[in-house]
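Inspection log for the structure reproduced underneath, given as structure tokens.
The values are calculated or read from the model by the stated rules, or taken from the named source; none is laboratory data. Because the structure is a prediction, the values reported are computed rather than measured. Here the Cβ positions follow ideal geometry from the backbone for every residue, glycine too, while neighbour counts run over all protein chains shown.
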Amino acid sequence: MKRENPVSHIIPMQPVRHLPRAIAFYEQLGFAVEDRRDDWGWAKLRWGDCRMMLDQSINVNPDAPRGAVLYLYPDDIDAFHAQARANGLDVPALDTTFYGMREFRIDDPDGNRLWIGQAKTA
């Protein structure tokens, strides 16, 4: 099993129903808003070296609710994507998102969602 392309960090993404209410809660807990996009229903929070994301879009389909998402950040998305395929995983093609990431999404055997991406270079 190849493990040559490391993930540099992982950020959990919590599904929320009401972004402002969730942000207020986590600020009371001690987090600060690092980035916020109300038009997306998304925010990234920080507390020291720890980060988490809040996202309203994860559970837009009430027939298929989802728990938290883990966002993995490899140093080289192309190499990581190729490695996942070489290791036998059925992964979709890389996609360039409207928010500037090259990523793919995959579920683990228990249905937990992983988003794996890297910021798009110019």
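When only residues in the stretch 35-57 that are of a type in the set (Gly, Ala, Ser) and closer than 18 Å to ILE10 by Cβ count, which is surrounded by the most Cβ atoms within 10 Å (Cβ to Cβ)?
Among them, the one singled out is ALA43.
Scan the stretch 93-100 and tell me whether some residue there is loosely packed, with under 11 Cβ neighbours inside 10 Å, of a type outside the set (Gly, Ala, Ser), within 15 Å of the chain's Cα centre (by Cα) and modelled with pLDDT of 90 or more.
Scanning the stretch 93-100, I find at least one residue that is loosely packed, with under 11 Cβ neighbours inside 10 Å, of a type outside the set (Gly, Ala, Ser), within 15 Å of the chain's Cα centre (by Cα) and modelled with pLDDT of 90 or more, so the answer is yes.
Against the definition (surrounded by 13 or more Cβ atoms within 10 Å (Cβ to Cβ) and part of a helix (DSSP H, G or I)), how does ALA84 come out, yes or no? Lay out the reasoning, then the answer.
On the way: surrounded by 13 or more Cβ atoms within 10 Å (Cβ to Cβ): yes; part of a helix (DSSP H, G or I): yes.
Against the criterion (surrounded by 13 or more Cβ atoms within 10 Å (Cβ to Cβ) and part of a helix (DSSP H, G or I)), ALA84 qualifies.
Which one of the conditions (1) under 24 Å from THR121 (Cβ atoms); (2) in contact (Cβ under 8 Å) with a residue 60 or more places away in the chain does ILE77 fail to meet, given that it meets all the rest?
Of (1) under 24 Å from THR121 (Cβ atoms); (2) in contact (Cβ under 8 Å) with a residue 60 or more places away in the chain, only one is false for ILE77: (2).
Got a sec? Which of ASP76, ASP95, ASP90 is acidic (Asp, Glu) and closer than 18 Å to ILE11 by Cα?
Values: ASP95 fails: closer than 18 Å to ILE11 by Cα; ASP90 fails: closer than 18 Å to ILE11 by Cα.
The conditions single out ASP76.
How many of the residues making up the stretch 87-122 are hydrophobic (A, V, I, L, M, F, W, C) and either under 17 Å from ILE58 (Cβ atoms) or not in a loop (DSSP other than H, G, I, E, B) (or both)?
Number satisfying all stated conditions: 8.
Condition first: surrounded by 11 or more Cβ atoms within 10 Å (Cβ to Cβ), modelled with pLDDT of 90 or more and part of a loop (DSSP other than H, G, I, E, B). Can you find one or more residues in the stretch 11-34 that meet it?
Looking for residues that are surrounded by 11 or more Cβ atoms within 10 Å (Cβ to Cβ), modelled with pLDDT of 90 or more and part of a loop (DSSP other than H, G, I, E, B), one finds none in the stretch 11-34, hence no.
Between ASP107, ASP78, which is charged (D, E, K, R) and at pLDDT 90 or above?
Exactly one residue qualifies, and that residue is ASP78.
With respect to GLY41, is the statement that it is at pLDDT below 90 and at positive phi true?
no
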